[in-house]
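All remarks here apply to the structure that follows.
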Amino acid sequence: MNSTALLSTAYLAPIQYYQKLIAYPQCIIEHHEHLVKQTYRSRCDVYSPNGTLTLSIPLEKRNKRQSVKDVKIAYEYNWQTLHWRSLESCYRRSPFFEYFEDDLRPYFESKKFDFLIDINEALQQEIFALLKIKPQVSFTSEYIASYENADDYRNIISPKQPLEADKNFSPKPYSQVFGPRHGFIPNLSILDLLFNEGSRALNHISE
């Protein structure tokens, strides 16, 4: 394992993503790749009463050569309100939702972001504060297809990839609100772990 991890930008990233941020001394987040559709770059998975629910940020039309740093968020409908209502529906009964909701609610009500990377970064910084961690994070200045001195997770941490593709990650079960109904669902958004485990979330990721 190298000392540096290369990650994509991510919207309320999965637990696997935060495990890298904690495990590696240095993490680099990609800002110059072309946007890959149907990935954690613009979506997250949460646990709803019916099982896994995907929340996606709508994006403005773009050309194929556009870097992810230039991708704009679309506001043709109030997706922020929809996402927050979904989070409330999924986690209102969880042990720690009320503990964190005042910190997170503004990102879905009063705060507006033009670019995808900006809301991803703002939410990531908020999650760092809630987890009480300070990872060493930097951003790419250009696109490089392959790295010799970094472990590249840009396309490994993806809903399109099986968890087995990441040999450095093994999901550990924890209590989930709807677990008795549907069983344990691994590697959901970091919010699932926070709302269910609270201050124990960091220990869960670090084990």
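Bear in mind these aren't lab numbers, they're just calculated from the coordinates by the rules spelled out. Keep in mind that this is a model prediction, so the values were computed, not measured. Cβ placement follows ideal geometry from the backbone for every residue including glycine, while neighbour counts extend to all protein chains displayed.
Sort through Tyr143, Tyr153 and tell me the only one that's closer than 21 Å to Arg43 by Cβ and either of a type in the set (A, V, I, L, M, F, W, C) or in contact with a strand residue (DSSP E or B) (Cβ under 9 Å, 6 or more places away or on another chain) (or both).
Numbers: Tyr143 fails: closer than 21 Å to Arg43 by Cβ.
The match here is Tyr153.
Tell me whether segment 26-43 contains one or more residues that are under 18 Å from Pro135 (Cα atoms), of a type outside the set (Ser, Thr, Tyr) and loosely packed, with under 13 Cβ neighbours inside 10 Å. The answer is no; no qualifying residue exists.
Out of curiosity, is Leu193 touching a helix residue (DSSP H, G or I) at 6+ places or on another chain (Cβ under 8 Å), surrounded by 18 or more Cβ atoms within 10 Å (Cβ to Cβ) and more than 26 Å from Gln66 (Cα to Cα)? Yes, satisfied. Please determine whether any residue of segment 31-39 is farther than 29 Å from Ala5 by Cβ and assigned to a loop (DSSP other than H, G, I, E, B). No, there is no match, as no residue in segment 31-39 is farther than 29 Å from Ala5 by Cβ and assigned to a loop (DSSP other than H, G, I, E, B). Checked against (1) under 14 Å from the mean Cα position of the chain (by Cα); (2) among the small types (Gly, Ala, Ser); (3) closer than 15 Å to Asn149 by Cα, Ser3 passes all but a single condition, namely (1).
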